[in-house]
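Asker: Structure in structure tokens, see below.
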Amino acid sequence: MFVVVAMTGSLDCDAGETGVDGARILPAPLGTGQGISVPEAQGAAATGAASGSTVGPMWFCDECGASVGHGNVLAGEPPGCLEHGPRWRLIRNAPCAGVVIVKDDRVLLSRRAKPPFEGYWEVPGGFVERGEHPTQAARREVLEELGIDVVLTGLLGIYLESSSGDEPLQVTVYEATTEATEPSPDPTEVSGWAWFTREDLPTEMAGRHRLRLDDWLAGRTVPLPADGL
């Protein structure tokens with residue numbers, strides 16, 4: 001059995017992954033909503049006139065979720081958000097970190113407060129900042145999202161996944177434990193949380209997050225490397 005605590009509230013590295021059933025999440029058209037305009041030179045390239053020179057559509061800002069425009073890699077122009085500026089993170093394998101939090105053989109999951117996958121269960125995590133070790137990012141993201149401290153106990157896996165705009169995400173996932181029993185989530189990131197037994201783990205989750213739990217259930221966690229603390 002598990003208890004779900006619901007909250008009210010308002011993207012991170014998982015915000016654009018493919019759907020639970022493997023289908024692509026359909027993006028909003030460019031130029032709508034809060035999208036940034038695309039210069040003519042970029043527009044030509046975006047239609048295929050300059051093959052290989054453009055970034056595929058990054059349909060969301062990883063900070064606020066707003067629509068953004070195309071970038072041109074060869075011209076040194078990343079996709080841009082009107083509010084948060086250039087989004088360099090998603091023109092390479094964007095490094096992310098996630099944490100499977102285990103206590104008394106139960107797993108703590110959070111419910112997404114933002115689209116895409118709003119309302120779906122997920123493994124906590126987010127982007128690794130420049131110069132930040134993935135282990136530091138893992139602990140920081142859990143603290144920011146759920147308001148709790150965790151101790152990393154092992155390395156679960158490294159996953160190469162795609163955002164909804166076909167941008168590559170490289171996600172390092174750890175196993176961790178905590179002394180906390182009741183999180184204090186950020187309502188802009190998390191709309192609810194729950195401790196799940198092995199038998200009750202949800203089958204439909206944000207992106208490919210269920211794969212991370214399947215690996216945990218299969219006992220694939222390994223000890224942290226020497227540079228893993």
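Asker: Which is part of a strand (DSSP E or B) and under 23 Å from Val128 (Cβ atoms), of Gly192, Gly154?
Answerer: Numbers: Gly192 fails: under 23 Å from Val128 (Cβ atoms).
None of the other options fit; the residue is Gly154.
Asker: Of the residues in region 79-132, how many are at pLDDT 95 or above and polar (S, T, N, Q)?
Answerer: Of the residues in region 79-132, 1 are at pLDDT 95 or above and polar (S, T, N, Q).
Asker: Right, next: Suppose we keep only residues that are within 14 Å of Gly98 (Cβ to Cβ), at pLDDT 95 or above and crowded, with 20+ Cβ neighbours inside 10 Å within region 191-229. Which one would you say is farthest from the chain's Cα centre (by Cα)?
Answerer: Trp216
Asker: Quick check on my filter: what residues within region 121-142 are under 20 Å from Glu63 (Cβ atoms) and not in a helix (DSSP H, G or I)?
Answerer: Answer for region 121-142, where residues must be under 20 Å from Glu63 (Cβ atoms) and not in a helix (DSSP H, G or I): Glu122, Pro124, Gly125, Gly126, Phe127, Val128, Glu129, Arg130, Gly131, Glu132.
Asker: Still on this structure, I have one more. Which one of these is surrounded by fewer than 21 Cβ atoms within 10 Å (Cβ to Cβ), at pLDDT below 95 and within 18 Å of Cys96 (Cα to Cα): Leu155, Leu143, Leu169, Leu160? So that I can check it myself, show each step before the final result.
Answerer: Values: Leu155 fails: at pLDDT below 95; Leu143 fails: at pLDDT below 95; Leu169 fails: surrounded by fewer than 21 Cβ atoms within 10 Å (Cβ to Cβ).
Going through Leu155, Leu143, Leu169, Leu160 in turn, the sole match is Leu160.
Condition check ((1) on the phi > 0 side of the Ramachandran plot; (2) out of contact with any Ser or Thr (no Cβ under 7 Å at 6 or more places or on another chain); (3) not β-branched (Val, Ile, Thr)) across all residues:
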| residue | (1), (2), (3) |
| --- | --- |
| Ala94 | no, yes, yes |
| Leu109 | no, yes, yes |
| Ala113 | no, no, yes |
| Arg130 | no, yes, yes |
| Gly147 | yes, no, yes |
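Asker: So, in region 82-119, of the ones that are under 21 Å from Asp186 (Cβ atoms) and of a type in the set (Asp, Glu), which residue ends up surrounded by the fewest Cβ atoms within 10 Å (Cβ to Cβ)?
Answerer: So the residue we want is Glu83.
The values are calculated or read from the model by the stated rules, or taken from the named source; none is laboratory data. Source: prediction; values computed, not measured. Glycine gets a Cβ as well: all are built from the backbone with ideal geometry, and neighbour counts include every protein chain shown.
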